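Undergrad: Dropping the structure in here first, questions after.
Please treat every number below as a calculation from the coordinates, not as lab data. For clarity, every value in this text was computed on a predicted model and none was experimentally measured. Positions of Cβ are backbone-derived with ideal geometry, glycine not excepted, and every protein chain shown enters the neighbour counts.
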């Protein structure tokens, strides 16, 4: 199973209702492509770190998506966003592989990581000793 | 009689992500990423931050994603 994250930034002059309808439209496209929307977050108006199209703010929308693998409609959704000039930025990221890797590391780490930390603590003591000699 | 050898005391740098056990570096976590972008908004090199290679790579990726979404700046003027 694949998971994706889709974030897009809308022109702040677009009203909140229109942002909702726009989001609805994209969600429909995604579900029509056989994927499922797991989370939907509206981050609201946020200040942009740098101006985009001379705008200093943007409305952020976040969608968490899962798909059973195979074809999704995400390329089409991206295409639509590219053509819509009310969308300042969009980003689609596939997250399942990285999350899986992170989970594996978490499982593997406990014993090893603690031992390593004890080591570095010992080294630190040693460093202090040498300093005193000076 | 030799010259007294200078002994430098340098604090040992530890990878923040190993120490805090952060396994997945999220591009949405602006607060975390900001610790690795100093004044000029450049990505802090490993040699300064002490981040291990395993974590610097995803960190770099996360910063670039966050930049694209204007969550963090490319430069400060």
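Undergrad: So, in nm, how far is label residue A:46 from label residue A:62 when the simple model puts each one 7 Å beyond its Cα toward the Cβ?
TA: Rounded to a tenth, the inter-label distance reads 0.7 nm.
Undergrad: Calculated FRET efficiency, residue B:30 and residue B:7, Cβ-Cβ r, R0 35 Å, to nearest 0.05? Write down the numbers at each step before the final one.
TA: On the way: r = 40 Å, r/R0 = 1.16.
The value I calculate is 0.30.
Undergrad: Could you list A:81, A:29 in order of exposure, starting from the residue whose Cβ has the fewest other Cβ atoms within 10 Å?
TA: If I rank by nearby Cβ atoms, fewest first, I get A:29, A:81.
Undergrad: Another one. Would you mind calculating the gained length between residue A:82 and residue A:13 on full extension (0.36 nm times residue separation, minus the Cα-Cα distance), in nm to one decimal?
TA: Result: 23.0 nm gained on full extension.
Undergrad: Quick check on chain B: helices-only [θ] at 222 nm, where DSSP H runs of length 4 and up contribute -39,500 (n - 2.57) each and the sum goes over total residues. Nearest 500, please.
TA: Details: 4 runs with 29 residues, N = 77.
Calculated at 222 nm, the ellipticity per residue is -9500 deg cm²/dmol.
Undergrad: In addition: Taking the simple approach of a point 7 Å from Cα along Cα-to-Cβ for both residue B:42 and residue A:24, what is their distance in nm?
TA: So the two model labels end up 4.9 nm from each other.
Undergrad: Shifting gears a bit: Using a 7 Å offset from Cα along Cα-Cβ at residue A:104, what residues in the range B:53-77 end up with backbone N under 19 Å from the label point?
TA: B:53-59
Undergrad: Please state, as a whole number in µm²/s, the translational diffusion coefficient that the Stokes-Einstein equation yields for chain B at 37 °C and 0.692 mPa s, with Rh defined as the Kirkwood radius across alpha carbon pairs.
TA: Approximately 235 µm²/s, per Stokes-Einstein.
Undergrad: Further question: Roughly speaking, what is the centre-to-centre gap between the range A:62-106 and the range A:10-26 when only Cα atoms are used, to the nearest Å?
TA: Going from one Cα centre to the other spans 19 Å.
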